[in-house]
Amino acid sequence: MRKTDTAKTKKLRVELALFFAVFFLWNATASGEKVRVAMPAKSLTFLNFYVSESLGAYKSEGLEVSLEQITPRVGIAGMLSGEIDYMTAIGSTLRATATGVPVKALMFTMDRVLLFMLGKPEFKSIKDLKGRKNIVAVTDIAATPAFAAIAMARAHGVDPAKELIIVSVGTVPIALAALQSGSADVAILSVPFNFRAEESGFRNLGSAVDYMQSPFAGVGATDAKIQSNPGQVKRMLRATLKGLQQTKDPAKRETVIGLIVKEFNMDGRTAARALDESMKALSDSGIMPDQAIKAEMEELQKRLKIKGEVPVSKLVDYTLLKEILNEMKR
């Protein structure tokens, strides 16, 4: 009896040891490494990040990601202080780098500008902005929405310098409110705010997707973060890339539409339309042509009067992303 009891006791101890080992391993994985990500607004511009979080891409990389609505300027300051880990407003990241802030763009989740020009009902097209002073509400006069307004106006013979008064209002919801209140004639809006403007009777004058290729959304981090914790950065990039692939996967279309309905308070039809618009701008690899980045910087230099050329190598660091892409090919 004693030998049998001893054998049973040993077996029980082994089973308990295995149980607690698995439990603690699961608990550590479930909690994950906490990461704070700043995004300027809860919009479809950053859909792939919500997909990465909802469908488990971040969790699979051992990350517990908090997606937080923070204005770009506060986000940059937060990264420099160490309070924020990553930034999704990649255009603002590039502009900060160009002015000497030690941050880099690491990947681009959107390589086309998913922004829409919404105007008063009396405007039938962008050409109707000619011959008058139009107040244009944007998030920031040195941000991508302002450049989109300029590019769209120029394409239709409207002089941005003489016929557009571009006003910084801080956030996309405030830009929509400015349009609705009548304090702005035109607003540059992201999804889903463009749909809300249309529902209020304002006219969609066009999408920036058809006018410009420009860094719009992605992952940015400080030089210090890249150097001190490349492992975490690489996992963040890999998970974000997975989210991009999941967002574009036809097999997951209904799942993603359901996520949009839940996260952005849309009906199914509008959510499907929003996904279709988003797909036009999503990147395949996270890498975009140097020329598109240079064009963005040239426009920025004109507006902020920055002298001298800013090389792409100072703005972007693809090192870890390229490692991931090479690993995926094996």
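Tabulated data for the structure shown
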quantity	calculated
Residue within the range 158-179 that is within 23 Å of Leu129 (Cα to Cα), among the aliphatic types (A, V, I, L, M), in contact (Cβ under 8 Å) with a residue 60 or more places away in the chain and touching a strand residue (DSSP E or B) at 6+ places or on another chain (Cβ under 8 Å) present	yes
Out of Arg112, Arg132, sole residue that is within 21 Å of Phe46 (Cα to Cα), open to solvent by 30 Å² or more (accessible area, probe 1.4 Å) and either modelled with pLDDT of 90 or more or in contact with a Ser or Thr (Cβ under 9 Å, 6 or more places away or on another chain) (or both)	Arg112
Residue match in the range 269-276 (condition: modelled with pLDDT of 90 or more and more than 20 Å from the chain's Cα centre (by Cα))	yes
Within the range 43-97, tally of residues that are touching a strand residue (DSSP E or B) at 6+ places or on another chain (Cβ under 6 Å), of a type in the set (Ser, Thr, Tyr) and free of Cβ contacts under 8 Å to residues at least 40 places away in the same chain	1
In the range 295-330, the residues that are part of a helix (DSSP H, G or I) and charged (D, E, K, R)	Glu296, Glu298, Glu299, Lys302, Arg303, Lys314, Lys322, Glu323, Glu327, Lys329
Any hit, the range 251-272, residues being in a helix (DSSP H, G or I), touching a residue at least 24 places away in the same chain (Cβ under 8 Å), open to solvent by less than 70 Å² (accessible area, probe 1.4 Å) and within 15 Å of Met110 (Cα to Cα)	no
Residues being more than 19 Å from the chain's Cα centre (by Cα) and in contact (Cβ under 8 Å) with a residue 24 or more places away in the chain - total across the range 196-224	11
Complete set of residues in the range 193-221 that are polar (S, T, N, Q), surrounded by 18 or more Cβ atoms within 10 Å (Cβ to Cβ) and part of a strand (DSSP E or B)	Ser207
All positions within the range 42-78 that are open to solvent by less than 10 Å² (accessible area, probe 1.4 Å), within 26 Å of Ile141 (Cβ to Cβ) and in contact with an Asp or Glu (Cβ under 8 Å, 6 or more places away or on another chain)	Leu44
Matching residues in the range 181-192 - criterion: being open to solvent by less than 10 Å² (accessible area, probe 1.4 Å) and either under 19 Å from Asp128 (Cα atoms) or aliphatic (A, V, I, L, M) (or both)	Ala184, Val186, Ala187, Ile188, Leu189, Val191
Helices (runs of 4 or more DSSP H) completely within the range 88-174 that count 3 or more residues being under 15 Å from Gly206 (Cα atoms)	144-155
Given (1) modelled with pLDDT of 95 or more; (2) more than 14 Å from the chain's Cα centre (by Cα); (3) hydroxyl-bearing (Ser, Thr, Tyr), number of the condition Thr88 does not satisfy	(2)
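Residues are listed down the side, and each one gets a yes or a no for (1) touching a Leu at 6+ places or on another chain (Cβ under 7 Å); (2) at pLDDT below 95; (3) surrounded by fewer than 20 Cβ atoms within 10 Å (Cβ to Cβ):
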residue: Met117; (1), (2), (3): yes, no, no
residue: Pro145; (1), (2), (3): yes, yes, no
residue: Ala148; (1), (2), (3): yes, yes, no
residue: Asp159; (1), (2), (3): no, no, yes
residue: Thr171; (1), (2), (3): no, yes, yes
residue: Ala175; (1), (2), (3): yes, no, no
residue: Leu179; (1), (2), (3): yes, no, no
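The values are calculated or read from the model by the stated rules, or taken from the named source; none is laboratory data. Since the structure is predicted, the reported quantities are computational estimates derived from the model, not experimental observations. Here the Cβ is made from the backbone with ideal geometry for all residues, glycine too, and neighbour counts use every protein chain on show. Surface accessibility is based on the protein's heavy atoms, side chains included, excluding ligands, DNA and RNA. Shrake-Rupley method; radii C 1.70, N 1.55, O 1.52, S 1.80 Å.
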